[in-house]
Every structure is written in C-alpha cells, then in structure tokens.
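*Asks:* Right, I'll just put the structure down here and ask away after.
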C-alpha cells in the first residue's frame, strides 16, 4: 500500500541559548474550567526579549493542569470539560476524599492532561497554530490560587 505524502520544511535557524529568564504567574481561578493564559505567556516572552528558543510552563499543583487547545469555538472547551467529567466522575467510589468529593477526580483529570508544557519561540513569538491557545485547567469545584512557573531558554535581543 502506497500513500502519497507531501512535506516541506523551512530552513533551520541556528542560535546559541544564552538566556534563561524565569517568572511566577499567579492565577486566581473561579472554579472548574479553562483559563486562557496565552496573552500572559506572550507578554512574558516579549519582556524577556526572546528571539528564538522555548518557553516552558509548569503548574505547581496536583489538581490543575495545562494544555494547548482550540481557542476559536468555546464549545470545544465545554465538550472537553464534559469528557473529563465522564472519565473521572465525582461519585465513583474514590477512597481519597480528604479535601472533598471533587479532590480525587481532580487528581485523575490532572493525570490525564499534563502539568507542564513547552512552546517554541520563533522570531520572538509563540509558535502556536492559528486556533491554538495555552490554557490552565482548574479541576476543583471551588476557586483556587494557582501558581505557574514560566521559564524562557534561548536567545534574546539582549544577548
């Protein structure tokens, strides 16, 4: 079986990674759902003077997570919330319920998604697709203060 494939690749960019910049982003959530972080991350990248490299994000919690998903149609996020709720329902007989019935499902949802992301920086900008955004996902029922470690590694205009 033979399939036709078409590939193209831009010329590579070679640079020296001589800049490391870090920051702590604090987000006050209002309960379960997606919080768009894209503007905050883009602002951090701009402040570092980044030209080429990578920005990493790490959420310092076990009941929240990070993702890159579509930002054009809000129903996508609604459907993803429904899917996560179906995969880790609140009343499924969990034994860990010290912080309430939403605690263990929040841990499972975090396990199914991720607590860290890496996004390339090309020509000083996040290399996201047209309809992509960076989100914090709050998995707990009540509001929380979440901390996300941001770190840029790469070349900057101030090198």
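*Asks:* If residue 109 satisfies every condition in (1) under 19 Å from residue 144 (Cβ atoms); (2) buried (at least 18 other Cβ atoms within 10 Å of the Cβ); (3) out of contact with any helix residue (DSSP H, G or I) (no Cβ under 6 Å at 6 or more places or on another chain) but one, which is the exception?
*Replies:* For residue 109, the failing item is (3).
*Asks:* Mind checking whether some residue in region 92-105 is touching a residue at least 40 places away in the same chain (Cβ under 8 Å), under 18 Å from the mean Cα position of the chain (by Cα) and within 13 Å of residue 32 (Cα to Cα)?
*Replies:* no
*Asks:* How many residues are in contact with a strand residue (DSSP E or B) (Cβ under 8 Å, 6 or more places away or on another chain) and within 30 Å of residue 75 (Cβ to Cβ) if we restrict to region 31-59?
*Replies:* 18
The rows are residues; the columns are (1) in a strand (DSSP E or B); (2) under 18 Å from the mean Cα position of the chain (by Cα); (3) within 13 Å of residue 149 (Cα to Cα); (4) modelled with pLDDT of 95 or more.
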position: 17; (1), (2), (3), (4): no, no, no, no
position: 27; (1), (2), (3), (4): yes, yes, yes, yes
position: 43; (1), (2), (3), (4): no, yes, no, yes
position: 56; (1), (2), (3), (4): yes, yes, yes, yes
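*Asks:* Read through the list (1) in contact (Cβ under 8 Å) with a residue 60 or more places away in the chain; (2) over 22 Å from residue 155 (Cβ atoms), then give the number of the only condition that residue 49 fails.
*Replies:* Exception for residue 49: condition (2).
*Asks:* Can you pull out the residues in region 76-106 that are loosely packed, with under 15 Cβ neighbours inside 10 Å and touching a strand residue (DSSP E or B) at 6+ places or on another chain (Cβ under 7 Å)?
*Replies:* Answer for region 76-106, where residues must be loosely packed, with under 15 Cβ neighbours inside 10 Å and touching a strand residue (DSSP E or B) at 6+ places or on another chain (Cβ under 7 Å): just 76.
The values are calculated or read from the model by the stated rules, or taken from the named source; none is laboratory data. Being a predicted model, the structure only gives us computed values, none of them experimental. Neighbour counts are summed over all protein chains in view; Cβ atoms, including those assigned to glycine, are modelled from backbone coordinates with ideal geometry.
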